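What follows is one structure encoded as structure tokens, with my remarks underneath.
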Amino acid sequence: MPRVFIPAPARDLTGGLVELDVEAVSVRRLIESLETRFPGFRDRVLEEGDLKPGLRIAIDGHISAMGLLSRLEPESEVHFLTAVGGG
């Protein structure tokens, strides 16, 4: 099962869990599975059906250009990354 690392702003929903295994074949299904298990998760990461602005998905160490459509392998690691400002 893919391993997902829960973003800090959503850990209050997971009882403080930082990572867990979730059965899913795509990022969209992973989010839906997390929403079922932890109501409110979807609203923390999605806006109008897409990833919130400034939020990216990294799968196995690579930022995915496919977003919610990204395919997952059973051994995938999924991270939600927030943009970091600076200058």
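The values are calculated or read from the model by the stated rules, or taken from the named source; none is laboratory data. Being a predicted model, the structure only gives us computed values, none of them experimental. Every residue, glycine among them, receives a Cβ derived from its backbone with ideal geometry; neighbour counts consider all protein chains shown. These accessible areas exclude ligands, DNA and RNA; they are computed on the full protein's heavy atoms, side chains included. Shrake-Rupley method; radii C 1.70, N 1.55, O 1.52, S 1.80 Å.
Here are some notes:
- Helix-only [θ]222 nm of the chain, DSSP H runs n ≥ 4, -39500 (n - 2.57) each, per residue, nearest 500: -5000 deg cm²/dmol
- Kirkwood Rh and Cα Rg combined as Rg over Rh, evaluated for the chain: 0.93
- Segment 27-87, dipole about Cα centre (Lys/Arg Cβ +1, Asp/Glu Cβ -1), debye to the nearest 20: 80
- Karplus-derived HN-Hα couplings along segment 29-44 (A = 6.51, B = -1.76, C = 1.60, θ = phi - 60°), whole Hz, x at Gly and Pro: 5, 4, 5, 5, 5, 5, 5, 4, 7, 10, x, x, 4, 3, 5, 6
- Near Phe5, once Lys and Arg are set to +1 and Asp and Glu to -1 for all other residues with Cβ below 9 Å from its Cβ, the sum equals -1.
- Note on the chain: GNM, Cα springs under 10 Å; of Glu75, Glu35, Glu19, the largest mean-square fluctuation is that of Glu75.
- The accessible surface of the chain, taken with every protein chain in place and a 1.4 Å probe, is 51 percent carbon and sulfur.
- Counting only protein heavy atoms and a 1.4 Å probe, the chain has 61 square angstrom of accessible area per residue.
- Relative to one another, the C-alpha centroids of segment 56-75 and segment 1-42 are positioned 14 Å apart.
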